[in-house]
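Quick notes on the structure that follows.
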Amino acid sequence: MKKDIMTLAIETSCDETSCAVLKNGREVFSNVISSQIEIHRKFGGVVPEVASRKHIESMNSIIQQALDEANITFKDIDIVGVTRGPGLVGALLVGISSAKAIAYALDVPLVGVNHIEGHICANYITHKDLEPPFTCLVVSGGHTYLVQANSYTDYELVGRTRDDAAGEAFDKVARSLGLPYPGGPLIDKLSLEGNSQAINFPRPCLEEDSYDFSFSGLKTAVLNYLNHAKQMGEEIAIEDVAASFQAAATEVLVEKTIRLAIERKSKTIVVAGGVAANKGLRNMFLERGNKEGIDIKYPSTILCTDNAAMIGSAAYFNYMGGYISNFDLNVEPNLELGFK
């Protein structure tokens, strides 16, 4: 087998069109990301049909830009990785169609990647010495998973959200506060100016010993607080609401992850996904990690949100593990973690 493996990766699961080139799953030569946030902001969220069309418009130029920035050509590519799910079906189809065409034309292996695995693998890029096993929390706008990574390709799903994802709850609370989409980063910023103890929002833990999450009740509690304050003509300090909500949400995420790490005797916790960029979550994890003697790792900020570099990393490790896709590979909008 060739010593160094060059991977071309494509990510189009939602509203970022991205292409990256990596060597051996950890060294990023290029990671081009075209975001559609400004386009979708006026709608208050992602419009799937608009996202798909924008992917089509951007794809060819993004791929060429990734090759140019990596200073390579198609002939240098050894494998092609692509997100197959979960995500928006139309958006995923654009990426998979492009990846299939490239892999077929180059006669190189095609590797379909689980988007959630990609988020976890982003940490292999930031932390070159990171190796499984470890405990992982994946938190984004669409997903909240508590995972035990047993190997580079074996992910055990231990807990998940039963309703709203953590990032989704952040965005909905932000909208109720009159903040623009995406609201999660703005909640984090406002929290720095507010009092996290000002409002006692619930910390939903579900059944005893459960590793699942639920954020709909917390979101509703915030909405009820705001509606009651408006009805009573009370002044609302949005900084305090943001800080109190964030404290409640992050406390549940951190405590359950720490508890699983202790139970599994993990010395390392990996945080992944868009919400992994949240400063309040990072600080709480670091504080608890120091107390318990657990090393906390998270990706660089650019690798927290959707990008092709993380998909390329996951593609490489899946390829090395013997997972290669056929050209009848199809999109799986509801793909579960652990399924290849």
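Could you list, in sequence order, all residues of the range 226-247 that are touching a Lys or Arg at 6+ places or on another chain (Cβ under 9 Å) and modelled with pLDDT under 95?
Within the range 226-247, just Ile236 meets the criteria.
Can you tell me which condition Asp209 does not meet? The list is (1) more than 17 Å from Val138 (Cα to Cα); (2) of a type in the set (Asp, Glu); (3) in contact (Cβ under 8 Å) with a residue 12 or more places away in the chain, and all the others hold.
Unmet condition: (3).
Pick out the one residue from Ile125, Ile102 that is at pLDDT 95 or above, crowded, with 23+ Cβ neighbours inside 10 Å and not assigned by TED's automatic domain parsing to the domain that holds Pro204. Steps first, answer last, please.
Values: Ile102 fails: crowded, with 23+ Cβ neighbours inside 10 Å.
None of the others qualify; the one that does is Ile125.
Taking the options Ser300, Ser313, name whichever one is among the hydroxyl-bearing types (Ser, Thr, Tyr) and in contact with a Cys (Cβ under 7 Å, 6 or more places away or on another chain).
Values: Ser300 fails: in contact with a Cys (Cβ under 7 Å, 6 or more places away or on another chain).
Residue meeting the stated conditions: Ser313.
Could you list, in sequence order, all residues of the range 1-29 that are of a type in the set (Gly, Ala, Ser) and either more than 19 Å from the chain's Cα centre (by Cα) or on the phi > 0 side of the Ramachandran plot (or both)?
Step one: filter the range 1-29 for residues of a type in the set (Gly, Ala, Ser), giving 9, 13, 18, 20, 25.
Scanning the range 1-29 gives a single hit, Gly25.
Determine which single condition Ser244 fails, assuming it passes every other condition in (1) within 26 Å of Asp15 (Cα to Cα); (2) in contact with a Gly (Cβ under 8 Å, 6 or more places away or on another chain).
Exception for Ser244: condition (1).
Of the residues in the range 29-88, how many are β-branched (Val, Ile, Thr) and over 20 Å from Ala314 (Cβ atoms)?
So the first thing to find is which residues in the range 29-88 are β-branched (Val, Ile, Thr), and the list is 32-33, 37, 39, 46-47, 50, 56, 62-63, 72-73, 77, 79-80, 82-83.
Narrowing the set further to residues that are over 20 Å from Ala314 (Cβ atoms) leaves 37, 39, 46-47, 50, 56, 72-73.
Within the range 29-88, residues that are β-branched (Val, Ile, Thr) and over 20 Å from Ala314 (Cβ atoms) number 8.
If you scan the range 262-302, which residues turn out to be in a helix (DSSP H, G or I) and more than 20 Å from the chain's Cα centre (by Cα)?
Looking only at the range 262-302, we keep the residues that are in a helix (DSSP H, G or I), and these are 262-263, 274-277, 279-292, 301-302.
Result: Ile262, Glu263, Glu287, Arg288, Gly289, Asn290, Lys291, Glu292.
Among the hydrophobic types (A, V, I, L, M, F, W, C), surrounded by fewer than 16 Cβ atoms within 10 Å (Cβ to Cβ) and either assigned to a strand (DSSP E or B) or at pLDDT below 90 (or both): does that describe Ile10?
So Ile10 fails the test.
So that you can scan it fast, the table gives a plain yes or no per residue for (1) over 30 Å from Val46 (Cβ atoms); (2) in contact with an Asp or Glu (Cβ under 6 Å, 6 or more places away or on another chain):
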| position | (1), (2) |
| --- | --- |
| Pro132 | yes, no |
| Thr144 | no, no |
| Tyr152 | yes, no |
| Tyr155 | no, no |
| Gly159 | no, yes |
| Val173 | no, no |
| Gly194 | no, yes |
| Ala198 | yes, yes |
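Taking the options Ile77, Ile62, name whichever one is over 29 Å from Glu168 (Cβ atoms), surrounded by 14 or more Cβ atoms within 10 Å (Cβ to Cβ) and either of a type in the set (Asp, Glu) or at pLDDT 95 or above (or both). Spell out the reasoning first.
Working: Ile62 fails: over 29 Å from Glu168 (Cβ atoms).
Among Ile77, Ile62, only Ile77 is over 29 Å from Glu168 (Cβ atoms), surrounded by 14 or more Cβ atoms within 10 Å (Cβ to Cβ) and either of a type in the set (Asp, Glu) or at pLDDT 95 or above (or both).
May I ask you to list the residues in the range 99-116 that are under 16 Å from Thr12 (Cβ atoms), in contact (Cβ under 8 Å) with a residue 12 or more places away in the chain and not in a strand (DSSP E or B)?
Of the residues in the range 99-116, the ones under 16 Å from Thr12 (Cβ atoms) are 99-103, 110-116.
Then drop every residue that is not in contact (Cβ under 8 Å) with a residue 12 or more places away in the chain, which leaves 99-100, 102-103, 110-116.
Residues satisfying the conditions are Ala99, Lys100, Ile102, Ala103, His115, Ile116.
Please work out if Asn150 is surrounded by 19 or more Cβ atoms within 10 Å (Cβ to Cβ) and closer than 30 Å to Asp295 by Cα.
Details: surrounded by 19 or more Cβ atoms within 10 Å (Cβ to Cβ): no; closer than 30 Å to Asp295 by Cα: yes.
So Asn150 fails the test.
The values are calculated or read from the model by the stated rules, or taken from the named source; none is laboratory data. Everything quoted here is computed from the prediction, not taken from an experiment. Neighbour counts are summed over all protein chains in view; Cβ atoms, including those assigned to glycine, are modelled from backbone coordinates with ideal geometry.
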